[in-house]
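Single-structure report; data block below.
The values are calculated or read from the model by the stated rules, or taken from the named source; none is laboratory data. Source: prediction; values computed, not measured. As a convention, Cβ positions derive from the backbone with ideal geometry for all residues, glycine included, and neighbour counts pool all protein chains shown. We work out accessible area using only protein heavy atoms, side chains counted, and drop any ligands, DNA or RNA first. Shrake-Rupley method; radii C 1.70, N 1.55, O 1.52, S 1.80 Å.
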Amino acid sequence: MDTLRRKTIILFPIPFQGHINPMLQLANILHTHGFKIIVIHTQYNSPNPSNHPHFTFSPIDDNGFSKIAEKLATNLDVTYLIRYLNENCVDPFRDCLAKLLLGDQESTIACVITDAIFYFTQAVADELKLPRLALRTSSMGCVLAYDALPFDSNKTCFCLTKEDSDYEVSVPEYPLLKFKDIMKITSNPQGMGDFVTNMFNQMKASSGIIWNTFKELEESDLETISQDFPTPSFTLGPFHKYFPASSSSLIEQDRTIISWLDKQPRKSVVYVSFGSVALITKSEFQEVAHGLANVGLPFLWVVRPGMVVGSEWLESLPENFQEKMGDRGRIVKWSPQQEVLTHPATGCFWTHNGWNSTLESICEGVPMICSPCFVDQPINARYVSDFWKIGVFLEDGFERMGIEMTIKRVMMDKEGDEIRERISYLKEKVNLSLDKGGSSFQSLNNLVDYISSF
Ligand code: UDX
């Protein structure tokens with residue numbers, strides 16, 4: 001422990017909630033194993049240092065990224081955001097890292113861990129002769145799907161309409177996915193192809209890849225990953241089981257709902273949240289409201305300010321919606337999600353299938369209703385509904401009848417009981433993997449030893 005204590009790890013997260021959470025959870029995990037932690041971060045979505053007094057924070061200039069992120073908020077081309085960050089953070093990151101290395105008289109900086117999406121950081125780390133580990137915050141299945149999909153060669157398949165005969169057909173390169181799924185991944189296949197190539201090349205060039213997943217969940221994909229990415233892989237997730245996400249939350253979590261949940265019957269509440277970046281239209285928002293009203297169950301609905309395109313918050317709700325729902329439904333701006341999923345009253349999670357939300361639901365054995373929006377979410381959703389069979393896909397968007405039927409399938413039908421059984425089994429597997437001698441426990445020890453050896 002004494003030798004470890006002198007070693008420092010520098011981390012650099014992508015500045016979005018779904019990436020900051022796992023990176024800071026990993027920082028906490030490594031801190032409890034004796035490492036000192038420095039977090040380099042952009043000005044945009046900067047973490048609150050007072051929530052992490054045991055870390056040192058080093059902000060860098062991101063060349064006005066907040067304006068870019070805001071402008072794109074209504075027409076999100078994720079690949080543009082990624083390219084902007086990778087092109088504009090090079091010099092500030094290199095300067096910051098070089099300064100930290102210079103100030104490190106005893107050469108105790110062991111390595112830098114950066115989000116895999118920050119592919120530019122590999123060249124900087126090589127230049128400064130510092131080992132770099134890549135943190136991939138998505139599933140392994142997502143990486144394999146990205147690797148297989150024809151982003152560069154067959155762009156037409158990314159812009160089909162419902163009328164096209166291929167719309168419902170499986171994609172030959174990755175048969176778990178349908179053509180209608182891959183269209184959601186990106187509106188810019190060329191940009192996505194470039195991003196994926198850059199990210200994968202630099203993951204392969206790294207000293208190792210850390211995954212927020214656990215072996216038993218993705219065992220078959222892990223084998224393929226080990227062949228495709230010959231650098232050491234560490235599967236020590238799910239990170240939030242070691243440390244909750246609340247301390248890295250960028251929005252204040254409304255904890256008043258816990259006492260409301262306490263009053264609801266066991267497994268009766270439909271929890272609805274589409275994460276930190278997904279957007280929905282006014283008409284979709286209204287269909288969600290009608291669907292929740294018609295199904296007749298208690299619900300907890302997270303509506304992030306700005307999530308409904310063209311509205312600040314709840315202006316587009318159907319007339320007198322909240323009055324009509326009374327105490328049956330609660331709407332909040334942001335919830336303490338992990339606590340909600342752990343709560344005995346929560347019966348299902350209607351989610352956009354961001355990877356953190358998907359893992360959090362699996363860990364608490366809560367069946368999912370899948371409404372993916374973009375990037376990795378459609379892939380996660382197909383794994384949940386068609387591969388692990390621990391949720392139901394709300395096919396073809398938001399429409400009140402479809403919503404009501406899908407919620408009933410999960411909450412009231414035999415199908416829901418079977419889903420609950422399968423996801424409870426995975427929950428047990430997670431717990432076993434984290435126990436002494438389990439796969440995640442072992443992988444964490446391997447990672448600590450590996451970093452200590454630098
Ligand atoms: C983004 C991408 O959209 C997602 O596809 C990718 O897998 C990770 O990065 P996001 O959309 O925010 O993430 O979704 P998700 O990965 O689910 O992360 C959201 C995090 O915010 C979770 O840790 C969740 O617990 C937390 N959260 C969400 C809250 O604390 N309160 C809420 O009300 C909603």
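Check the straight Cα-Cα distances from Lys263 and name the lysines below 22 Å, setting aside those fewer than 8 residues away within the same chain. Reachable lysines: Lys324, Lys333, Lys408. Excluding ligands, DNA and RNA, the accessible surface per residue across the stretch 215-289 is 45 Å² with a 1.4 Å probe. So, with a 1.4 angstrom probe, what is the percent of accessible area on the stretch 2-148 that is carbon and sulfur? The nonpolar share, carbon plus sulfur, comes to 49 percent. Note on the stretch 263-353: Cα Rg divided by 2.2 N^0.38 Å, N the number of residues, gives 1.03. Dipole magnitude for the chain: about 980 debye, using +1 per Lys or Arg Cβ and -1 per Asp or Glu Cβ, origin at the Cα centre.
Across the alpha-carbon set of the stretch 73-138, the Rg to Rh ratio works out to 1.05, Rh being the Kirkwood radius.
Count charges around Asp228 for me, please; just the other residues with Cβ under 9 Å from its Cβ, Lys/Arg as +1, Asp/Glu as -1. Write down the numbers at each step before the final one.
On the way: positive: Lys204; negative: Asp147.
Summing Lys/Arg as +1 and Asp/Glu as -1 gives 0.
For the chain, what percent of Cα pairs sit more than 42 Å apart?
Working: 13321 of 102831 pairs.
Result: 13 percent of Cα pairs exceed 42 Å.
For the peptides 364-376, 336-348, 262-274, residues were scored by their other Cβ atoms within 10 Å and the scores averaged per peptide; the highest-first order is 364-376, 336-348, 262-274.
Would you work out the charge dipole size for the stretch 153-258 about its Cα centre, treating the Cβ of every Lys and Arg as +1 and the Cβ of every Asp and Glu as -1, and quote it to the nearest 20 debye?
280 debye
For the chain, what is the percent of antiparallel DSSP beta bridges, rounded to the nearest 5?
On the way: 3 of 47 bridges.
Of the beta bridges lying entirely in the chain, close to 5 percent run antiparallel.
The rule of thumb for compact globular proteins, 2.2 N^0.38 Å, goes into the C-alpha radius of gyration of the stretch 63-210 1.25 times.
With a Förster radius of 30 Å, plug the Cβ-Cβ distance of Gln322 and Asp413 into 1/(1 + (r/R0)^6) and report the FRET value to the nearest 0.05. Calculated value: 0.55. Solvent-accessible surface of protein heavy atoms, probed at 1.4 angstrom with all chains present, puts Val169, Val90 in the order Val169, Val90, largest first.
On average, how much accessible surface per residue is there in the stretch 349-454, in Å², for a 1.4 Å probe, leaving out ligands, DNA and RNA?
Accessible surface, normalised per residue, equals 38 Å².
The amide H of Arg330, built 1.01 Å from its N in the peptide plane, has Phe299, Leu300, Trp301 as neighbours under 5 Å, considering only residues 5 or more places off or on other chains. Taking every Cα-Cα distance in the stretch 6-69 and sorting them into 10 Å bins starting at zero, the pair-distance distribution P(r) comes out as 22, 55, 20, 4 percent. Run the Debye formula on the Cα coordinates of the stretch 175-236, all scatterers equal and no solvent, and tell me log10 I(q)/I(0) at q = 0.30 1/Å. Results for the stretch 175-236 at q = 0.30 Å⁻¹ read -1.11. Per residue, the average separation of C-alpha pairs within less than 8 Å and at least 6 apart gives the chain a relative contact order of 15 percent.
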